[in-house]
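Below: one structure, written as structure tokens.
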2 protein chains.
Amino acid sequence: MKVAVLQYRPEFLAVDANLDTVEEMLSEVDADLVVLPELFATGYFFRSTADAQSVSEPVPGGKTTDRMVEWAREGKYIVVGGLVEECSGRLFNSAAIVGPDGYVGRYRKLHLYYEEKLHFEQGNLGLPVFAVVDRSGQPYTLGVMICFDWYYPEASRTLALEGADIIAHPANLVRPDCPRAMPIRALENHLFTATANRIGAESVGNRTLTFIGQSEVCSPAGQVLVSMTRDEAGVAVVELDPAESRDRRVTDHNDLLADRRTDAYVL
Amino acid sequence: MKVAVLQYRPEFLAVDANLDTVEEMLSEVDADLVVLPELFATGYFFRSTADAQSVSEPVPGGKTTDRMVEWAREGKYIVVGGLVEECSGRLFNSAAIVGPDGYVGRYRKLHLYYEEKLHFEQGNLGLPVFAVVDRSGQPYTLGVMICFDWYYPEASRTLALEGADIIAHPANLVRPDCPRAMPIRALENHLFTATANRIGAESVGNRTLTFIGQSEVCSPAGQVLVSMTRDEAGVAVVELDPAESRDRRVTDHNDLLADRRTDAYVL
């Protein structure tokens with residue numbers, strides 16, 4: 001199957017324009033799974049909760065999820081992308097998962113970073129995985145985590161234990177370390193990861209966040225299969241076999257997940 | 001305080017000669033904590049359990065721990081090193097921790113690698129941490145893990161949650177990934193790591209294990225403070241402040257360990 005990660009610079013709060021830009025960028029993409037950045041159509045550095053509220057929407061049923069479903073139907077792929085979810089007056093930093101047949105599910109970010117804590121509620125839907133299929137009908141299991149979740153090995157481990165073959169990882173990274181950590185997340189869980197990050201910078205007052213790009217797809221062997229630069233806009237596509245994740249023998253005597261010593265961990 | 005990691009090529013099963021070599025290598029070392037490799041005086045690739053049995057000893061009270069105590073007394077440092085522990089007829093891949101006042105404690109490797117499973121019992125003492133002091137009397141908390149334990153983020157996370165400032169990590173690494181994973185272990189737990197690996201190669205029949213050297217000390221910021229090559233023998237020493245590990249604020253809004261979402265992990 002082919003996995004695509006999209007990297008670009010959204011315009012702050014310009015949802016309609018950003019959706020059009022992403023639609024244009026995806027128009028020629030040949031893939032089974034498309035991963036978009038965190039908050040991919042809204043921008044990131046909200047000056048106030050009112051800013052976040054102004055671009056929030058229900059999931060499903062909002063304009064962003066609806067457009068994602070159009071793209072998924074057209075391209076016959078699964079799309080994972082981040083957005084501001086509004087639910088009963090509360091805001092979540094969420095990812096929607098959609099496919100050619102419509103809405104699949106959502107994930108609400110567990111580990112909020114920096115001033116996200118001022119605007120969003122902590123995720124309250126755990127770390128679900130989703131049983132999906134590629135265009136040839138082959139099933140695979142998709143996990144989702146968002147940006148700063150990478151910092152917590154418990155997140156990707158939970159997804160691995162739930163059977164994820166691939167972790168889709170929408171991001172708005174500003175810290176420098178994720179690009180060298182994701183190959184380790186892939187290796188230690190023996191699965192694929194697909195990080196879609198944004199580029200550009202946003203400021204509130206004299207505080208500026210610069211997004212680091214470097215979107216990448218990593219393999220169960222901990223290799224970077226494809227990576228983008230710090231400032232390019234585009235879509236990177238790589239072919240991979242999700243079934244590779246399922247044989248978790250490390251040696252003839254070691255099975256990665258079976259060898260965990262849950263009796264000894266104090267977590 | 002100063003942390004030293006020792007890297008060399010032991011002679012297979014030649015415990016007395018190896019102890020003499022390490023004693024000589026340590027004779028001029030100025031440090032507060034010395035980390036030696038896994039199975040540092042015995043060699044690694046046992047042809048049989050009888051091989052491992054032949055170099056096993058009780059901990060404390062065996063010749064290796066006794067010699068380590070002599071070194072610790074002379075150098076006024078803590079020493080952590082790996083050895084074959086015999087206990088009631090069972091063998092463990094253990095690390096002894098000793099100081100100027102004698103025996104401090106032991107750790108029995110939890111995650112056995114490859115044919116270690118044929119000779120050793122799995123560790124059954126959990127992941128203890130040790131309250132120790134440097135030469136100036138400043139206290140710090142020492143965690144210990146052995147070699148393949150690095151692959152399991154649960155091990156270093158458990159030590160962090162128990163308050164470890166530094167993880168001493170005796171190793172006999174043969175896989176290539178640990179040197180790039182340890183900075184991530186240090187970063188994700190905001191603590192120091194000190195990996196002491198061996199060099200050289202050992203064979204059983206036509207199977208050869210080549211040890212990768214690259215001993216290294218990593219900082220809570222995920223930086224490599226000092227590293228050795230794939231084939232040099234020597235002792236690398238670096239100065240660090242273990243108290244740096246204790247402020248685990250990632251941003252003004254994020255505390256690394258307090259922000260864990262234990263309600264959502266399925267581990």
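The values are calculated or read from the model by the stated rules, or taken from the named source; none is laboratory data. Quick caveat: nothing in here was measured; it's all calculated off a predicted structure. Positions of Cβ are generated from backbone atoms using ideal geometry, with glycine treated the same way; all protein chains shown enter the neighbour counts. Surface areas here come from the heavy atoms of the whole protein model, side chains and all, with no ligands, DNA or RNA. Shrake-Rupley method; radii C 1.70, N 1.55, O 1.52, S 1.80 Å.
In the context of the full protein assembly, B:R260 retains an accessible surface of approximately 30 Å², using a probe radius of 1.4 Å and ignoring ligands and nucleic acids. The two copies B and A are related by a rotation, and the chain B beta carbon nearest its axis, with distance in whole angstrom, is B:P153, 2. Ranked from shortest, the separations from the 7 Å Cα-to-Cβ label point of B:T49 to its equivalents in the other copies are 6.3 nm. Heavy atoms of the protein chains alone define the surface here; on that basis region A:2-255 has 34 Å² accessible area per residue at 1.4 Å probe size.
Within the accessible surface of region A:8-111, defined with a 1.4 Å probe on protein heavy atoms only, the carbon and sulfur portion equals 45 percent.
Accessible area of B:M1 (1.4 Å probe, protein heavy atoms only, ligands and nucleic acids ignored): about 20 Å².
Averaged over peptide A:250-256, the number of partner chain Cβ atoms lying within 10 Å of each residue's Cβ comes to 5.
Can you show me the helix-derived [θ] at 222 nm for the protein assembly as shown, built from DSSP H runs with n ≥ 4 at -39,500 (n - 2.57) apiece and divided by the number of residues, rounded to the nearest 500. Could the numbers behind the result be given before it?
Numbers: 12 runs with 112 residues, N = 534.
My calculation for the protein assembly as shown gives -6000 deg cm²/dmol from helical runs alone.
Taken about its Cα centre, region A:2-255 carries a charge dipole of roughly 580 debye when the Cβ of each Lys and Arg holds +1 and the Cβ of each Asp and Glu holds -1.
Relative to the longest principal axis of the Cα atoms of chain A, helix A:15-26 runs at roughly 40 degrees. Any chance you could give the angle, 0 to 90 degrees and rounded to 10, that helix B:178-189 forms with the longest Cα principal axis of chain B? It is inclined by approximately 40 degrees.
Just for chain A, what percent of DSSP beta bridges are antiparallel, to the closest 5?
On the way: 38 of 54 bridges.
Taking every DSSP beta bridge within chain A, about 70 percent pair in antiparallel fashion.
Between the exposed loop cleavage positions of chain A, defined as GluC sites (Glu not before Pro) in a non-H, G, I, E, B DSSP state with at most 13 neighbouring beta-carbon atoms within 10 angstrom, the longest gap is A:29-231.
Label-to-label distances for A:T251 across copies, nearest first, come out at 4.2 nm, using points 7 Å from Cα in the beta-carbon direction. Positive end of the dipole of the protein assembly as shown (Cβ unit charges, origin at the Cα centre): among A:A264, B:N206, A:Q214, the Cα lying farthest that way belongs to A:A264.
For chain A, the longest principal axis of the C-alpha atoms and the axis of helix A:63-75 are separated by about 50°. Charges were assigned to the Cβ only: +1 to each Lys and Arg, -1 to each Asp and Glu. The resulting dipole of the protein assembly as shown about its Cα centre is roughly 480 debye. For region A:188-267, just say rounded, prolate or oblate: build the C-alpha gyration tensor, square-root its eigenvalues into a ≥ b ≥ c, call rounded for a/c under 1.5, and beyond that prolate if a/b exceeds b/c, oblate if not. Here region A:188-267 falls in the oblate category. Among beta bridges from DSSP that stay inside the protein assembly as shown, the antiparallel ones total about 70%. The lysines within cross-link reach of B:K2, meaning a Cα-to-Cα straight distance under 24 Å and a gap of 8 or more places when in the same chain, are B:K76. Among the trypsin sites (Lys or Arg not before Pro) in region A:43-126, those placed in a DSSP loop whose Cβ has at most 15 other Cβ atoms within 10 Å are A:R47, A:K76.
Selection among B:F120, B:I166, B:S54 by position relative to the dipole of region B:2-255 gives B:F120 as farthest towards the positive end (Cβ unit charges, Cα centre).
Dipole orientation for region A:2-255: of the candidates A:I184, A:P37, A:V238, A:I184 has the Cα lying most toward the positive pole (charges on Cβ; Lys, Arg +1; Asp, Glu -1).
The candidates A:H169, B:H119, arranged from most to least accessible area with a 1.4 Å probe in the full protein assembly, appear as B:H119, A:H169. For the protein assembly as shown, what class follows from the C-alpha gyration tensor (a ≥ b ≥ c being the square roots of its eigenvalues): rounded when a/c is under 1.5, otherwise prolate if a/b is larger than b/c, else oblate? Verdict is prolate for the protein assembly as shown.
Take each residue in A:148-159, count the other chain C-beta atoms within 10 Å of its C-beta, and the mean is 5. Note on chain A: with a GNM built from Cα contacts shorter than 10 Å, the maximum mean-square fluctuation among A:A186, A:A201, A:A164 falls on A:A201. Extension gain, A:S136 to A:K2, is 47.1 nm, computed as 0.36 nm per intervening residue step minus the present C-alpha separation. With contacts taken as Cα pairs under 8 Å at a separation of at least 6 residues, chain A carries a relative contact order of 20 percent.
Would you mind telling me the share, in percent, of accessible area of region B:185-267 contributed by carbon and sulfur at probe 1.4 angstrom? List each step's numbers first, then the result.
Numbers: 1580 of 3480 Å².
On region B:185-267, the fraction of accessible area on carbon and sulfur atoms equals 45 percent.
Using a 1.4 Å probe over protein heavy atoms, the accessible area lost on pairing B with A, summed over both chains, comes to approximately 4200 Å².
Between copies, the label points at B:A14 (set 7 angstrom from Cα along Cα-to-Cβ) are spaced 7.2 nm, reported in nanometres from shortest to longest.
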